[in-house]
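Everything on this sheet refers to the single structure shown next.
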Amino acid sequence: FSLLLDEITALFQKLTMPRFSRRSLFDEVDDTSSPQQNDNPKTVFHKNKRPQLTCLSPDALSVNLVHNNCIETHSLPLRGTVDEGESFDNPASKAALVRTSLSTILDEEEWVELMCVEGDSMPKREFRDGDLWTVLPLLCLYSRHSIYLVKIGYPNTNDFTEEDVIEGSIMELTQPFQRQLLECGEGAKVVRVRPAPFRRLGFAISCPSGSIAALISYANGTNESNLFIHHGGTRNVTKPLENLSNQHDGGNVLEEETQEFADFHFGQSNASSLLVTLSIHLLKSNGEVWGASPILFDGSMVPTSEYQASCDTLDGIYTESFDESRRRQSHAGEFFMKQAFVEMHQQSNLQSSHHIAVLHAGDSNRSTLWPVQLQGPLFTLNNEESTATSIEPFFSRDLVGIVITSTTGIDFCALAPTALLPRFAYEEMGDHLDAQLQSLCWVVEHVSLEGSNTSTCRLMRDPVIDTMVHCITDRGVMALTTHALRQASSQMMKGASKGRVISGAAPPTKAWMAVELSQHSDIFVSGAVVSGAANLGHILIVFLSSGELTAVNLTETRVRFESKHLLEQERTNNSEVHNASAVKALRTMEATPAFHEQLEGIWGKIEEGLLGMSKITGSSTKTEDIDAGLLATALNIKQHCEQNVIVHLKYMKEMQNIRLKEMKKIITGQMEQLKSVQESLKESESRLEASHAKLKVSEEKSKFLAERSEGILQACSDLRPSLSKADIDYFGLIKKIDARCSVWESEVGTLKTEARSYNRAPSFQMTSTEVNHIHTLLKQQNELISNTKSQVKDTEDALKVLVNDSGIITKEPEFEHSNFSQGGE
């Protein structure tokens, strides 16, 4: 039966065999035990040994990569990954492949990472030299010594087909941190660059396009690092964190390599989402995690509900906390929030749904320019020999989840959402706020992956499954799922101590290889991305150093792994039951002595009886010669033979009959078992035939469903509204008019205010004498007006007579009964 299961499993794998071979790295870790050590020898730590030269577009319908000093943009699905006649409408770009050369502008460097820093997911179009160009999402490409923002576009013509390769052009190339890198010294090193929090990535805030943050280390022989941020809206560069080593070491610069900052990321959580997004987590090589808040980009937009919830949280801490230092911190944070964010369209009477960040860089008195204080350490990895390499956010319900890779494995950690509040360098010396962080941070789980080197591993969150993270190594991509953070959330909020590993009945952490390369191959993984677009499904796109781009269906891979795991578990359970029954039968058989051992004692007694009879020997005695002595002797021998030989022989015969009956029962039972096995085999064969039939039916139904899905997708794409160029121009004109109207709104409001002030009736207080004088003046004015009217009337009469006499104007016709009179001159 187990062989039959193996055949079924092999048949299933053959029917659904992916491009690359896969194997399970499932390693169930005991939460209560100490972290497991990797059996492999400790490797030398090299930061970012393998680069991440791929990134998705904001709409997840195209992938960008760097190959041969060119940036290639491939539309999804990849060519050759769909059947003939099957097509998908990709609104991001009409071209299947856009290749943009960097050699004409940039020298070939050892690029570290390519990322998309475009906040808007809609494609843009611009006019250039009178032609309409399609502009691709803004990209950021950096090496260890330079950072570039690249704007790529191509002419929007209908001359090319989906099979053509379009040559793109670099429309704009900037180095946002060029001056800062020069100030840090010739040997300054870019540790890590991160895109700003965007709404499409799950953050509570939406930053302008081109906003990035960079962690840069000095070249003066120390481990001093600075955090710079580039504001995409204003294109200004600020330094919210400087001299990080001096901040957390009290001014003593450390010279060990293990004290370097290796990575950072922006916080993410469902609870207090805006406060968490304003914070960053910095990872040191020795496993310490530090934090800082607030880190804000100019021009960032946040929903008013999120802004109000964050202000209410800070106000609640200020009201309910008994710690004066905590009250001062929350009060300063609320003051910062109210000065940093302003309501959009303040002049309108309607309530705005968003707030926008306005930093006012020229105003030195605002709280937005207060220096940010480094906080921590939040926690430290337990293993002192490990070297931490990277840090990424991880979903943890109402907590702030963090996943860290090191040379000994992967650690999942969690923080309370109010652990990192806005904190500035103007705090008092007696405020021990770092000590309060110890009860708000936890190490939840440590996972050690056998056969996988996590020191050069890059982490990537899954956009579809929030409990999954992907580990990208040079030999492949491994998917890892865990529910430990989700289940431990409620436990940690009850007051777990710092550094404690939370135990619980969470499902075991599972890991499997989605893509695996041979250990002896010269090809390695240069990057990978995961797309969760509705028309593509849950797919993993892997870019190899050879230039090959491959798509793997993660849903299919996960189902295959789960099915294989269930089959192995069922086979293990069956083998355990079979082994238990076999052991029980073996123990029963071992408890029963062997038949020859049971007969050994009886044979000894028979042998003794026969030896006693051998003492009487001689020839036969005739009957007439028998006397009393001989008869007594014969009777004695007969009695001796019956007692010492015949009785034991009868007992041996009975034992033989009993054993024979037992053997017959055993044989009968084995025949019945054999018969049942044969019946099970026949039933399994019938099930296998039924499975083959169902498989054929499923294949036919899958083709039918694929055709229906294609039809539904085409119908949905047909239902999508399309705009002509005239419509786009018309709506653009409306936007311009709206912008002009918004500019004049403030002027109109000012004019309204002035008009209301002018409309007010003046109030005077006069004496009776002044009133009498006024009345006298009015009477005199009336007399003057009457005299003037009489003079004007006399003048008019004289003028009429003069005009009539001179003949300048003839007499006007008169009207009689509404008819013209025919007389008169």
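The values are calculated or read from the model by the stated rules, or taken from the named source; none is laboratory data. Because the structure is predicted, anything quoted here is derived from the model rather than measured. So basically every Cβ, Gly included, is an ideal-geometry build from the backbone, and we count neighbours across all protein chains shown. These area figures cover heavy atoms from the full protein model, side chains too; ligands, DNA and RNA do not enter into them. Shrake-Rupley method; radii C 1.70, N 1.55, O 1.52, S 1.80 Å.
Conditions tested, residue by residue: (1) touching a helix residue (DSSP H, G or I) at 6+ places or on another chain (Cβ under 6 Å); (2) of a type in the set (Lys, Arg); (3) modelled with pLDDT of 80 or more.
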residue: Ser439; (1), (2), (3): no, no, no
residue: Leu449; (1), (2), (3): no, no, no
residue: Met460; (1), (2), (3): no, no, yes
residue: Arg475; (1), (2), (3): no, yes, yes
Filter pass, Ile317 being open to solvent by 10 Å² or more (accessible area, probe 1.4 Å) and β-branched (Val, Ile, Thr): yes
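Listed here are the residues, each with its yes/no results for (1) among the aromatic types (Phe, Trp, Tyr); (2) more than 30 Å from Met344 (Cβ to Cβ); (3) open to solvent by 90 Å² or more (accessible area, probe 1.4 Å); (4) at pLDDT 85 or above.
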position: Thr753; (1), (2), (3), (4): no, no, no, no
position: Pro762; (1), (2), (3), (4): no, yes, yes, no
position: Gln765; (1), (2), (3), (4): no, yes, yes, no
position: Thr776; (1), (2), (3), (4): no, yes, no, yes
position: Glu812; (1), (2), (3), (4): no, yes, yes, no
position: Glu816; (1), (2), (3), (4): no, yes, yes, no
Residue match in the range 260-273 (condition: outside any loop (DSSP other than H, G, I, E, B), over 24 Å from Ser217 (Cβ atoms), open to solvent by less than 20 Å² (accessible area, probe 1.4 Å) and touching a residue at least 12 places away in the same chain (Cβ under 8 Å)): yes
Any hit, the range 134-146, residues being farther than 28 Å from Ser390 by Cβ, in contact with a strand residue (DSSP E or B) (Cβ under 6 Å, 6 or more places away or on another chain) and at pLDDT 90 or above: no
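Inspect all residues belonging to the range 690-712 and state whether any of them is within 52 Å of the chain's Cα centre (by Cα), in a helix (DSSP H, G or I) and of a type in the set (Val, Ile, Thr).
Yes, the conditions are met somewhere in the range 690-712.
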Single condition Thr73 does not satisfy, out of (1) part of a loop (DSSP other than H, G, I, E, B); (2) modelled with pLDDT of 75 or more; (3) open to solvent by less than 20 Å² (accessible area, probe 1.4 Å): (1)
Criterion: within 30 Å of Val647 (Cβ to Cβ) and either surrounded by 15 or more Cβ atoms within 10 Å (Cβ to Cβ) or at pLDDT 70 or above (or both) - qualifying residue of Leu599, Leu540, Leu517, Leu554: Leu599
Per-region count, the range 554-572, residues touching a residue at least 40 places away in the same chain (Cβ under 8 Å) and under 21 Å from the mean Cα position of the chain (by Cα): 4
Of the criteria (1) modelled with pLDDT of 75 or more; (2) open to solvent by 40 Å² or more (accessible area, probe 1.4 Å), which one Pro240 fails: (2)
Condition check for Thr633: loosely packed, with under 12 Cβ neighbours inside 10 Å, hydroxyl-bearing (Ser, Thr, Tyr) and at negative phi: no
Test: Lys675 is within 30 Å of Leu599 (Cα to Cα), over 38 Å from the mean Cα position of the chain (by Cα), open to solvent by 70 Å² or more (accessible area, probe 1.4 Å) and not aliphatic (A, V, I, L, M): no
Residue within the range 408-427 that is open to solvent by 20 Å² or more (accessible area, probe 1.4 Å), out of contact with any Pro (no Cβ under 6 Å at 6 or more places or on another chain), under 16 Å from Gln375 (Cα atoms) and among the charged types (D, E, K, R) present: yes
Matching residues in the range 139-156 - criterion: being within 27 Å of the chain's Cα centre (by Cα), farther than 15 Å from Ala213 by Cα and touching a residue at least 24 places away in the same chain (Cβ under 8 Å): Val150, Ile152
Residues of the range 340-353 satisfying the condition of being at pLDDT 85 or above and either charged (D, E, K, R) or surrounded by fewer than 17 Cβ atoms within 10 Å (Cβ to Cβ) (or both): Val342
